[in-house]
Amino acid sequence: MFDLTKDQIERAKSIHHSSLVVDTHNDTILHVITSPPFVTSGNGAPVPRRSLGEKSEHGQIDIPRTQMGGVDCLLFAMYVSPLYSSRLLRLVQMLDTFNIEVENNLDTISIATSYDEITKTVKNGKIAAVITVEGGEPLEGKIESLRNELNEIQEQSSQIRERKA
């Protein structure tokens, strides 16, 4: 791919390993959610279901590949297709699925809702998982929906951490 010297490769590895490495966007939840109906991939084929904790050839992110790549923080996009009649309901289903996946993999990943939580999680040897909502449409014009969901996410995250401690 690139013609780098051994010194350049070692320097790049050193920079990578001493940095907070963040993947700022993935759509992995679309491959993990098990509540139908499912959005299909761009070619119309069904998206294979899988778990975040298992290495997979499908999708963008899983924990084993994230660890192999030395990525510290993942931003999980919650994208809800306009095809859903209740986009807020689908967003809630996605968030529930996400929380279950994190809870099933607490030894390697933790939800983070602030920079301090991200750095603390990474210092503890885990992947920091940040939730993002792609587009505002799932909120159906009600900012309260976002506040309610954020409060619930923070509460669930605290409960998960307490159970693990």
Quick check on this structure: which one of THR66, THR97 is at pLDDT 90 or above, within 12 Å of the chain's Cα centre (by Cα) and under 19 Å from ASN148 (Cβ atoms)?
THR97
Criterion first (of a type in the set (Val, Ile, Thr) and under 12 Å from the mean Cα position of the chain (by Cα)) does VAL102 satisfy it?
yes
Name the residues in the stretch 3-35 that are among the hydrophobic types (A, V, I, L, M, F, W, C) and closer than 21 Å to VAL71 by Cα, would you?
ILE9, ALA12, ILE15, LEU20, VAL21, VAL22, ILE29, LEU30, VAL32
So which residues in the stretch 95-138 are out of contact with any Ser or Thr (no Cβ under 9 Å at 6 or more places or on another chain) and acidic (Asp, Glu)?
GLU103, ASP107, ASP116, GLU134, GLU137
Is the stretch 107-129 home to any residue that is among the β-branched types (Val, Ile, Thr), free of Cβ contacts under 8 Å to residues at least 60 places away in the same chain and within 19 Å of PHE38 (Cβ to Cβ)?
no
Identify all residues within the stretch 123-143 that are over 12 Å from the mean Cα position of the chain (by Cα) and of a type in the set (A, V, I, L, M, F, W, C); write none if there are none.
LEU139, ILE143
Among the strands (runs of 3 or more DSSP E) contained in the stretch 1-113, which hold 2 or more residues that are closer than 18 Å to GLU134 by Cβ?
22-26, 73-79
Condition check for ILE63: closer than 30 Å to ILE143 by Cβ, in contact (Cβ under 8 Å) with a residue 24 or more places away in the chain and β-branched (Val, Ile, Thr):
no
With the requirement that a residue be part of a helix (DSSP H, G or I), basic (Lys, Arg) and farther than 22 Å from SER18 by Cβ, what does the stretch 120-156 give you?
ARG147
For SER51, the lone unmet condition from (1) among the polar types (S, T, N, Q); (2) out of contact with any Asp or Glu (no Cβ under 9 Å at 6 or more places or on another chain); (3) within 27 Å of LEU146 (Cα to Cα); (4) surrounded by 12 or more Cβ atoms within 10 Å (Cβ to Cβ) is (2)
Residues of the stretch 98-129 satisfying the condition of being touching a helix residue (DSSP H, G or I) at 6+ places or on another chain (Cβ under 8 Å) and crowded, with 18+ Cβ neighbours inside 10 Å:
PHE98, ASN99, GLU101, VAL102, ASN105, ILE109, SER110, ILE111, ALA112, ILE127, ALA128, ALA129
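The values are calculated or read from the model by the stated rules, or taken from the named source; none is laboratory data. Remember, predicted model here, so these are calculated numbers, not experimental data. Virtual Cβ from ideal backbone geometry, glycine too; neighbours counted across all protein chains shown.
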